[in-house]
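Engineer: Below is one structure. I have some questions about it.
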Amino acid sequence: MKRLKGKKQIEILFEEGCSINAFPFRLIFLESSETAIGMSVGKKNFKLAVDRNRIKRQMREAAKEYLWPLLRESANNYRLMLIFTGKQKPEWEKMIKEIKIVAEKFKQKAL
């Protein structure tokens, strides 16, 4: 799975994409020519880069388990941006549970 890069691609995703909210996550997706996924954690809530990077690593691991299989079996390609909107560091078990919910909502809405 490719990482979502490029200011232009991300701008288009935010302008034209659909979103799914499942606190503490927000998933923005748009049908595209290739599949790419990006992760984001706000600097406003987590000042230290160490904290932001840890949360993003955990999000990538959870996404590998629940979002990637959906994208592989889909006939279409999507660009995704998964944003952590919570204000406290998440527990691993809770994060997995919430990403599962996001994946189910994505499956219902997009696939």
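The values are calculated or read from the model by the stated rules, or taken from the named source; none is laboratory data. Since this is a predicted model, take the numbers as computed values, not measurements. No Cβ is skipped: glycine too gets one built from the backbone with ideal geometry, and neighbour counts run over all protein chains shown. Just the protein is used for accessible areas: all its heavy atoms, side chains included, with ligands, DNA and RNA removed. Shrake-Rupley method; radii C 1.70, N 1.55, O 1.52, S 1.80 Å.
Engineer: Among the numbered conditions (1) part of a loop (DSSP other than H, G, I, E, B); (2) open to solvent by 90 Å² or more (accessible area, probe 1.4 Å); (3) among the charged types (D, E, K, R), tell me where Glu34 comes up short.
Structural biologist: The failed condition is (2).
Engineer: Now, a different point. Condition test on Ala22, is it out of contact with any helix residue (DSSP H, G or I) (no Cβ under 7 Å at 6 or more places or on another chain), over 17 Å from Lys2 (Cα atoms) and among the hydrophobic types (A, V, I, L, M, F, W, C)?
Structural biologist: No, not satisfied.
Engineer: Another one. Can you name every residue in segment 53-93 that is charged (D, E, K, R), surrounded by fewer than 20 Cβ atoms within 10 Å (Cβ to Cβ) and either closer than 16 Å to Arg26 by Cβ or within 12 Å of the chain's Cα centre (by Cα) (or both)?
Structural biologist: If the condition is that a residue be charged (D, E, K, R), surrounded by fewer than 20 Cβ atoms within 10 Å (Cβ to Cβ) and either closer than 16 Å to Arg26 by Cβ or within 12 Å of the chain's Cα centre (by Cα) (or both), then Lys56, Arg57, Arg60, Glu61, Lys64, Lys87 are the ones that fit.
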